[in-house]
Each structure stands twice: as structure tokens, then as C-alpha cells.
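The values are calculated or read from the model by the stated rules, or taken from the named source; none is laboratory data. None of these values were measured; they are calculated from a predicted model. Cβ coordinates were reconstructed from backbone atoms using ideal geometry, including for glycine residues, and neighbour counts include every protein chain displayed. In case anyone asks, the SASA skips ligands and DNA or RNA and just uses the protein heavy atoms, side chains included. Shrake-Rupley method; radii C 1.70, N 1.55, O 1.52, S 1.80 Å.
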Amino acid sequence: MDINGKTVLLTGANGGIGSALAKQLASAGATLVLVGRDESALVRLRSTLSAQQRHHALAYDLQASDGVERLLGFCSTLPSGIDILINNAGMSDFAFVAESDPDVERAVIGLNLYVPIALTTAMLPGLLLRPEALVINIGSVFGSIGYPGFAVYGASKAGLRVFSEALRRELADTAVRVLYVAPRATQTPMNSSRVVAMNQALGNTMDPPEKVATAILNRIQTGRWRALTIGWPERLFVVINNLLPGITDSSLRGQLTRIRQYSRVPASAAGKHQSDSNFDKRKIS
Ligand SMILES: NC(=O)c1ccc[n+]([C@@H]2O[C@H](COP(=O)([O-])OP(=O)(O)OC[C@H]3O[C@@H](n4cnc5c(N)ncnc54)[C@H](OP(=O)(O)O)[C@@H]3O)[C@@H](O)[C@H]2O)c1
């Protein structure tokens, strides 16, 4: 698919992967509708993009009751319509289920799974009118490998993976393509210092967000729509986990004590909620 001239709706545009995607898509000639909550960060991001005046910056909270509706309202005013929807906004919470906060669980499932489903459902009639269109859902390797401390996050991404797979098959006889992308750990603000420390201790590679963006642009430009897992050996681990889950069980059993240590916030540094979350309760209501 040629990106030049396409209009792209990108959620989570302010984030690590979102801003890297925005820069590469704009350089490839796309017009962007940038969505996030932090308006000044969106405006700053827009000022760094090629042909900045043609892009739109929308500060909408997609978890608010009217967030998706307001976004659709804006998109309906665009003469060009949307060609590519990228469901990238997401949040994580590093917490064992026994210590997990129900409010955070609801927010993680809401933003990572329900919002992409709601946006895709609402945008689909418009996408089906385009000569060619694309939905990209940003998942995670943890949507294919259940990882201690990321049960709820992984569940949200596994749901998104299956939604994307079924949708891709539903739309196989239309001009709308669907791509599910599963990055491995990536160097962005989503990962708290504890997640970064755990990844360092366990030797887990963390990709720069630009690498993730480049892999996604490559898939768009070469038109390969089969689900993309980014990183080696993570791609192999996904296959092993599917075929021989006992091997993954044993390997993660060996790391469990260390993973649990990193998931716990010392009592002195935490309130009631003991997990290590990037979740800001002030930002949902
Ligand atoms: N980083 C990783 O290790 C990793 C690995 C695998 C997959 N992923 C996935 O990649 C995607 C991007 O993550 P990232 O690492 O780039 O995260 P990030 O830097 O934390 O960015 C997440 C973005 O989501 C936006 N957002 C959060 N809540 C929102 C809401 N209620 N309404 C609208 N926007 C909201 C934030 O916008 P504001 O800043 O404007 O509030 C933020 O810009 C996510 O789906 C994530 O699950 C990340």
C-alpha cells in the first residue's frame, strides 16, 4: 500500500511508539490525525512533522464516555475521510493478579481492548467506502505468551489479537486489510523503572520505538498482512509456547521469584495499590 496521500488516524500519538510512527508516516507523505490526551505534547509533536500544517492534533480521552464519539464527529468533517486507522493507545500494569487493583484492570481492558473494538466498529462503514483501507492494531508479545505480572495486560492484547484475526478474515473479500502487530519490550514511557530493571536483570531486549515504527511501515508498504511479531527470539518463543507450553512453563518458573520481586513496589513508596503501574487514576473517571 502506498502511504503517500493517505489519511491516518493514530491513537496514542504522544507515546514512544506513536510519535515514532507519526514521524515516519508523515515523512512518507501521510496526513495524520494525532490523538492523545496531552494537548501541548500533541502540538509539539505536530511541529516536528514534515508538512506540519496538514496534520490535526486532537486531545481526546478515549476512555471518557464521549471520547470515541467526539473523535468520530471530527473524522466526519474531514473531506478526505480516513484510509488507515492505527489503534496504538495503550496502557500497562505490572502486577501479579493477587495484588492487582480492579480499577486499573478495568482501565487496561477498556483502553487496550474495548476502545480499539469500538473505534474499528464505528470507522468500518467509512473504511469500506475507500478504494483501499487498513486497520492496524498494536498488540504485544504478551498477547501470545502469558507472562507473570502481565496477566491482565496480556489478556487485553490476546483479545485484540483474536479480534484482529477474525476481522481480517471477515474482510477478506473487501478492500479493507487488517494488521495485528505484537512488539516485544520497547523503550517507551509505558515501561516503568521496575519493568526496565526486570528486563535488564533477565536479559530481555528492549527495542527503540523507531525500530517498531519502521517494521510497521515496511509491512504497510509491502502489503503483508499476516500478524507481525517483532523481535527474535520472541517470534520463536511464541511458536514454542503454542506447540510446547510446558517448555515456557519451566522457563518462567525459573524466573518467577525475580519477576515477583520487581513487580512489588516497596511499602514505603506505595499506597494501597502495590503494583508498579503507569496508570494515573486522575486521568479516568
Ligand atoms: N512499550 C512497550 O514495551 C510495548 C511493548 C509491546 C506493545 N506495546 C504497545 O504499544 C502501544 C504504544 O505503547 P507505548 O509503549 O508507545 O506507550 P506510551 O509511550 O505510554 O504511549 C501510550 C499513549 O497512549 C495514550 N493514552 C493513554 N490513555 C489514553 C486515553 N485514555 N485516551 C487517549 N489516549 C490515551 C497516551 O496519551 P497521552 O500521553 O497524551 O496521555 C500515550 O501517548 C500500546 O498499545 C502498547 O500496549 C508497547
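Which count do you get for residues in the stretch 171-207 that are within 14 Å of the ligand (Cβ to nearest atom) and basic (Lys, Arg)?
Adding up the residues that qualify gives 2.
Just a yes or no: is a residue in the stretch 132-149 open to solvent by 10 Å² or more (accessible area, probe 1.4 Å) and either modelled with pLDDT under 95 or farther than 30 Å from Arg258 by Cα (or both)?
Checked the stretch 132-149: at least one residue is open to solvent by 10 Å² or more (accessible area, probe 1.4 Å) and either modelled with pLDDT under 95 or farther than 30 Å from Arg258 by Cα (or both).
Report yes if Arg130 is closer than 24 Å to Ala28 by Cα and either in a loop (DSSP other than H, G, I, E, B) or charged (D, E, K, R) (or both), otherwise no.
Yes.
Looking at this structure, is Pro266 modelled with pLDDT under 95, open to solvent by less than 70 Å² (accessible area, probe 1.4 Å), under 21 Å from the mean Cα position of the chain (by Cα) and farther than 28 Å from Leu167 by Cβ?
no
Of Ala51, Ala26, which residue is of a type in the set (Gly, Ala, Ser), within 17 Å of Val212 (Cα to Cα) and touching a residue at least 24 places away in the same chain (Cβ under 8 Å)?
Among Ala51, Ala26, only Ala26 is of a type in the set (Gly, Ala, Ser), within 17 Å of Val212 (Cα to Cα) and touching a residue at least 24 places away in the same chain (Cβ under 8 Å).
Output the residues belonging to the stretch 21-48 that are within 28 Å of Ile230 (Cα to Cα), among the hydrophobic types (A, V, I, L, M, F, W, C) and open to solvent by 10 Å² or more (accessible area, probe 1.4 Å).
Residues satisfying the conditions are Ala28, Ala41, Leu45.
Does the stretch 144-155 contain any residue that is near the ligand (Cβ under 10 Å from one of its atoms) and free of Cβ contacts under 8 Å to residues at least 12 places away in the same chain?
No, there is no match, as no residue in the stretch 144-155 is near the ligand (Cβ under 10 Å from one of its atoms) and free of Cβ contacts under 8 Å to residues at least 12 places away in the same chain.
With the requirement that a residue be surrounded by fewer than 18 Cβ atoms within 10 Å (Cβ to Cβ) and in a helix (DSSP H, G or I), what does the stretch 162-181 give you?
Within the stretch 162-181, Val162, Glu165, Ala166, Arg169, Glu170 qualify.
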